[in-house]
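Notes for the one structure printed next.
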Amino acid sequence: MEHPKTYASLEIPYQERTIFLEGPVPSDRLEGYEFHEDLTSFRPVKEQKEAILEIADLPEGRINIIRDGNMVVGYVTFHYPDPLERWSEGGLENLIELGAIEIAPDYRRIGAGKKILALSTQDPFMENYIVITTEYYWHWDLKGSGLDVWEYRKMMEKMMNAGGLYWFATDDPEISSHPANCLMARIGKHIKPETIQEFDQLRFQNRFMY
C-alpha cells in the first residue's frame, strides 16, 4: 500500500508573533529544528527527537508539528501500531496509530492541540485510513496541568474530537486496566465495511464481551 502525503500549513498568532502548524514534515527538515526542552512526556528531548526522525522516514509515517521560529513546540505522530500490540495483529494496511501528541505547556492555552489534529486530517488520503489512538492516564501531565484524571480525560477527548477521533469500546487488557484509559478512532470515508468488521474483531477478542 502506498502512503501519499500532502503537505499543509496554518499560521496562528501567539503573543506578538506568528507560529506555524505544518506537516507532514520530512526528517531532513525536522533534523534542522530544535525541540522545546519541555517535550519530555515520553522520553528525554534528544531521544524523542531521534524517535520522531525515525517515524518521519517510515513509508506510512507522518509527523505534523507546531513550530515557533526554528523550535518545535508540539507534534503529533502517525505510524503503524507496534508489532507487539493487538492493533497490528490483523495486518490491516490501512490502520494507523496516532502514536503521540505532545505540546509544550506554554503553548497549550491557544488551542494548538485541536488545531494540529484538525490540520492532520485535512489530507484527503487520511480518508483511506482507520486512525486509532490509545490513551493511558499514566502518560498525562496531571501535575503540570493541575487537572484530575477525569478532567484530563475530558480535555483529551475534546482535543481528539477536533481530529475526528471518537471513543470506541474494547476489551484490550491494558486499556481496561483503568477506567480513564480509552481507545479512540477515526474511520475514513473510504474504509470498506469488511475492514470495519476486521477492526471490530481486533477491538473485541473475548467473544463473551463482543
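Points worth noting:
- Residue-level analysis places Q197 among those that are among the polar types (S, T, N, Q), at pLDDT 95 or above and not in a strand (DSSP E or B).
- Considering the range 93-103, the residues that are among the acidic types (D, E) and part of a strand (DSSP E or B) include one that is modelled with the lowest pLDDT, namely E102.
- When the range 164-182 is filtered for residues that are surrounded by 15 or more Cβ atoms within 10 Å (Cβ to Cβ) and part of a loop (DSSP other than H, G, I, E, B), the ones remaining, listed by number, are G164, L165, T170, D171, D172, A180, N181.
- Residue-level check: of (1) surrounded by fewer than 17 Cβ atoms within 10 Å (Cβ to Cβ); (2) in contact with a Gly (Cβ under 7 Å, 6 or more places away or on another chain), S88 misses just (2).
- Within the set V25, V131, the sole residue that is crowded, with 20+ Cβ neighbours inside 10 Å, farther than 30 Å from N206 by Cα and at pLDDT 95 or above turns out to be V25.
- Residues in the range 165-198 that are touching a residue at least 40 places away in the same chain (Cβ under 8 Å), within 18 Å of the chain's Cα centre (by Cα) and over 18 Å from W138 (Cα atoms): 5 in all.
The values are calculated or read from the model by the stated rules, or taken from the named source; none is laboratory data. Every value quoted in this text rests on a predicted model; they were computed, and no experiment measured them. In this analysis, Cβ positions are derived from the backbone assuming ideal geometry, glycine residues included, and neighbour counts consider all displayed protein chains.
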